[in-house]
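No value in this document is a laboratory result; all are computed from the given coordinates. Every value quoted in this text rests on a predicted model; they were computed, and no experiment measured them. Here the Cβ positions follow ideal geometry from the backbone for every residue, glycine too, while neighbour counts run over all protein chains shown.
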Amino acid sequence: MKTLLTTLLLFIPAFVFAEDKAKHVKADEAAKIIAEGKVAIIDVRTADEFKDGHIKGAKNIDIMANDFETQLAKLDKTQPTLVHCQSGGRSTRALKTFEKLGFEHLIHLDEGFAGWEAAGKPVEK
């Protein structure tokens with residue numbers, strides 16, 4: 001019984017904390033990807049945060065909105081998609097929904113919009 005319990009405890013974290021399938025990048029690499037012009041940029045922050053500043057070309061779909069999944073479902077799932085929030089927490093949670101909906105090529109801006117700004121990247125208001 002003890003061996004079974006030990007075995008289960010060793011495997012549970014793998015299921016609970018399974019990694020997402022997104023490519024994780026920092027601001028410099030994200031800027032290069034965006035410059036190629038072949039990526040959809042999805043900002044999952046609130047509308048007020050978005051209005052205060054965002055990455056040029058980003059589409060704002062608030063992760064806290066009741067229709068978040070419905071709005072994502074309308075997007076092209078075959079297009080590379082860069083996902084971000086303010087610091088990376090909400091967008092990391094959002095990746096599960098993107099994956100559930102069948103998005104094929106996800107890119108996550110790990111330090112979020114804060115990292116983008118800190119790296120001196122351009123901000124649109």
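For the pair Ala35 and Gln79, what calculated FRET efficiency results from E = 1/(1 + (r/R0)^6), where r is the Cβ-Cβ distance and R0 = 22 Å, to the nearest 0.05? Walk me through the numbers before you get to the answer.
Values: r = 16 Å, r/R0 = 0.73.
E(calc), rounded to 0.05, equals 0.85.
Number of Lys-Lys pairs in region 19-118 with C-alpha atoms under 20 Å apart and a separation of 8 or more places or on different chains: 29.
Summing charges over all other residues whose Cβ lies under 15 Å from the Cβ of Phe103, with Lys and Arg as +1 and Asp and Glu as -1, gives +4.
Contact order for region 19-118, expressed relative to its length and based on alpha carbon pairs under 8 Å spaced 6+ residues apart, stands at 36 percent. Charge tally for Ala27 (other residues, Cβ to Cβ under 11 Å; Lys, Arg +1; Asp, Glu -1): -2. In this structure the amide hydrogen of Val83, modeled in the peptide plane, comes within under 5 Å of the amide hydrogens of Ile42, Ile107, His108, Leu109, none closer than 5 places in sequence on its chain. Annotation: extensible slack from Lys51 through His105 equals 16.8 nm (criterion: 0.36 nm per residue apart, minus Cα-Cα distance).
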